[in-house]
Amino acid sequence: MRALIVFESMFGNTGELADAVAGGLRQRGVEVSVTEAGSMTHDLVAEHDLLVLAAPTHALALSRPESRADAVARGAPPEHAATGIREWIETIDTHLPPGPRVVAVFDTRVNKMRRWPGSAAKQMARKLEREGCSVVARTSFYVNGVKGPLVDGETRRAGGWGRSLAGLISATNPAGSAGG
């Protein structure tokens with residue numbers, strides 16, 4: 001089985017968690033590719049049994065060019081501001097392979113806003129379901145402040161979430177269609 005993790009990360013926290021999720025999947029024997037949204041080509045999606053998308057929550061939703069520019073003004077590397085998951089999803093309909101599209105999503109959120117209703121993961125799930133994807137898992141991970149660091153234990157929790165995703169891939173795709 002193969003998984004592809006596509007992430008957007010302004011200050012490195014979401015990227016760190018994407019690597020931890022990948023580690024958890026690998027512990028369960030899943031072959032994993034991890035890439036940033038800005039360097040991702042859609043043709044890779046067809047080669048994988050699971051697509052995991054990850055993004056930071058900006059203003060209770062997926063980032064926009066303006067919110068990424070604000071992150072750069074706060075010290076994020078400018079090269080991370082070019083393309084986000086929002087833009088990547090907007091072009092996904094013409095690039096996804098036919099058949100089951102098994103997807104999991106996660107976001108990062110500022111810990112003090114844990115109880116606020118909006119999240120990038122929720123928005124990603126809605127957008128992907130409209131494109132015919134089966135969103136099998138959705139979660140949020142927490143950072144201390146806009147820049148981070150991650151809340152203690154979140155990297156470990158992300159690894160556990162990755163291990164649980166491996167079981168979901170097996171349940172939704174027992175034959176292991178790509179690279180099985």
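The values are calculated or read from the model by the stated rules, or taken from the named source; none is laboratory data. None of the values given here were measured: they were computed from a predicted structure. Because the Cβ atoms are built from the backbone with ideal geometry, glycine has one as well, and the counts that use them run over all protein chains shown.
Here are some notes:
- Note on the stretch 79-113: among residues that are in a helix (DSSP H, G or I), of a type outside the set (D, E, K, R) and under 22 Å from Glu47 (Cα atoms), the one that is modelled with the highest pLDDT is Ile85.
- Which listed residue is assigned to a helix (DSSP H, G or I) and touching an Asp or Glu at 6+ places or on another chain (Cβ under 6 Å), from Ala71, Ala121, Ala158: Ala121
- Here is the figure for the stretch 23-52: residues that are small (Gly, Ala, Ser), within 12 Å of Arg2 (Cβ to Cβ) and in contact (Cβ under 8 Å) with a residue 60 or more places away in the chain total 2.
- Residue match in the stretch 77-99 (condition: within 20 Å of Val143 (Cα to Cα) and of a type in the set (Ser, Thr, Tyr)): no
- On the stretch given as the stretch 131-147, residues that are more than 16 Å from Val105 (Cβ to Cβ), in contact with a strand residue (DSSP E or B) (Cβ under 8 Å, 6 or more places away or on another chain) and in a loop (DSSP other than H, G, I, E, B) total 3.
- Of all residues making up the stretch 23-64, the number that are modelled with pLDDT of 90 or more, assigned to a helix (DSSP H, G or I) and over 18 Å from Thr108 (Cβ atoms): 3
- Just one of the listed residues (Ala121, Ala81, Ala55) is more than 19 Å from Asp19 (Cβ to Cβ) and either of a type in the set (A, V, I, L, M) or out of contact with any His (no Cβ under 8 Å at 6 or more places or on another chain) (or both), namely Ala81.
Conditions tested, residue by residue: (1) β-branched (Val, Ile, Thr); (2) surrounded by 14 or more Cβ atoms within 10 Å (Cβ to Cβ); (3) within 12 Å of the chain's Cα centre (by Cα).
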{"residue": "Ala71", "(1), (2), (3)": "no, yes, no"}
{"residue": "Arg86", "(1), (2), (3)": "no, yes, yes"}
{"residue": "Thr108", "(1), (2), (3)": "yes, yes, yes"}
{"residue": "Gly148", "(1), (2), (3)": "no, yes, no"}
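- Residue count for the stretch 1-21, restricted to those that are assigned to a helix (DSSP H, G or I) and either acidic (Asp, Glu) or surrounded by fewer than 23 Cβ atoms within 10 Å (Cβ to Cβ) (or both): 4.
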